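A short reminder: the numbers here are calculations on the coordinates, not readings from a lab. Everything numeric in this text was worked out from a predicted model, so none of it was measured. Every residue, glycine among them, receives a Cβ derived from its backbone with ideal geometry; neighbour counts consider all protein chains shown.
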Amino acid sequence: LEMGGHLRRAIEENELFLCYQPIVDVHTGAVKATEALIRWRHPKLGLVRPDEFIPLAEETGLIHEIGRWVLKTACRQTKQWQEMTGNNRLSIFVNVSPVQFQHERFVDNVKQALKQSRLSPSCLHLELTEHSMLRYLSSTMRTMDELRKLGVGIAVDDFGSGYSSFHYLKRLPATILKIDRAFIEQLHANASDEAIVKAMITMGHGLGLETIAEGVETPEQLNRLRDLQCTYAQGYVFCPPLLAEEVMQYVTEKQ
Ligand code: G
Ligand code: G
Ligand code: G
Ligand code: MN
Ligand code: NA
């Protein structure tokens, strides 16, 4: 409860900031996009991880304000990187909480962030976990359809870790699958994981979805993903989530 008051103050005092983790083309090594990952620098507690404060933000309703700020900041930052690099396809992935997604003004907030930043809608991808997509299926589906009409992408985060069935996957208007890092961890050593990842990639492509492997840590894992025709990857094998100032250097080195 104490932490809730701290979080309100954190917003007012600018203690929240975003890190960005590059999402890399497995075949060319070029940076396709970054994923925005929120951080809270508390004056006494130090760095507080999102796993600790996002649930609190959801309970207190502060998630709406925080979510608007994340969208606005991430879109504006990405537009700035596009202008600096001359690459106007550089994209941004933004994590969205299911609570935030249910807000009646959520689509308006997305529109506003795009308008303010002048970022092309096709350069914005919203990440929702399978679990949160299925939580309020009919309203979620409607919101996703609206977002797709705008041209915004929808990524299924932590794919394979939830309870979704093929029945839902067929109906969800998603554009990208992000393969959960649990399947990547032993990819080079475990035949079952390899079979599962291979099937996910094949199915994704068959459904017209792009695939991103998460949590790629070693060159061996990356090589297997390349063989399996996975399109994109992110993880410590490339770099951890970076400060905004560090991203530009990484992107231009890999261009
Ligand atoms: O001042 P600005 O237009 O950037 O604020 C946009 C909204 O985002 C405001 O409602 C603000 O309260 C909210 N917000 C959430 N987290 C933060 C943060 O860490 N810093 C700032 N400046 N605003 C935040
Ligand atoms: O960055 P990692 O370091 O610790 O992120 C932990 C979790 O927090 C992940 O599940 C991620 O999806 C979530 N997360 C990170 N940034 C955001 C954000 O801006 N909004 C929401 N809702 N979740 C986020
Ligand atoms: O749930 P989501 O996929 O949004 O969260 C991404 C989380 O994964 C963040 O906490 C981020 O810091 C973390 N992460 C990014 N790359 C790696 C990696 O290579 N290995 C591990 N273990 N975690 C990673
Ligand atoms: Mn994510
Ligand atoms: Na994930």
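With a ≥ b ≥ c the root eigenvalues of the C-alpha gyration tensor of region 138-255, is it rounded (a/c under 1.5), prolate (a/b larger than b/c) or oblate? Let's see the in-between values first.
On the way: a/c = 2.17, a/b = 1.21, b/c = 1.80.
Verdict is oblate for region 138-255.
Where a ≥ b ≥ c are the square roots of the eigenvalues of the C-alpha gyration tensor, would you call region 65-190 rounded, which needs a/c under 1.5, or, failing that, prolate if a/b is larger than b/c, or oblate?
Details: a/c = 2.08, a/b = 1.28, b/c = 1.62.
It comes out oblate by the Cα gyration axes.
Run the numbers on the chain and let me know its relative contact order in percent, using alpha-carbon pairs under 8 Å that are six or more apart.
20 percent
Can you sort 105, 148 by how many other beta carbons sit within 10 Å, fewest first? Write down the numbers at each step before the final one.
Working: 105 11, 148 15.
By the 10 Å Cβ count, ascending, the order reads 105, 148.
Count the net charge of all other residues whose Cβ sits under 11 Å from the Cβ of residue 162, scoring Lys and Arg as +1 and Asp and Glu as -1. Don't skip to the end; give the middle numbers.
On the way: positive: 135; negative: 130, 157, 158, 180.
Result for the local shell: -3.
Whole-Hz Karplus ³J(HN,Hα) for region 206-216, in order, using 6.51 cos²θ - 1.76 cosθ + 1.60 and θ = phi - 60°, x for Gly and Pro?
Ordered by residue, 3J(HN,Hα) equals x, 8, x, 9, 7, 10, 10, 8, 9, x, 7 Hz.
Would you mind classifying the chain by shape? Square roots of the alpha carbon gyration tensor eigenvalues, ordered a ≥ b ≥ c; an a/c under 1.5 is rounded, otherwise it is prolate if a/b is larger than b/c and oblate if not.
Details: a/c = 1.43, a/b = 1.26, b/c = 1.14.
Rounded shape, in that the Cα axes give a/c under 1.5.
In what sequence do 101, 166 fall when counting other Cβ within 10 Å, fewest first?
Working: 101 21, 166 9.
So the ranking, lowest neighbour count to highest, is 166, 101.
Looking at region 1-107 from every direction and averaging, what is the projected area of its Cα convex hull in nm²?
Quarter of the Cα hull surface area: 8.1 nm².
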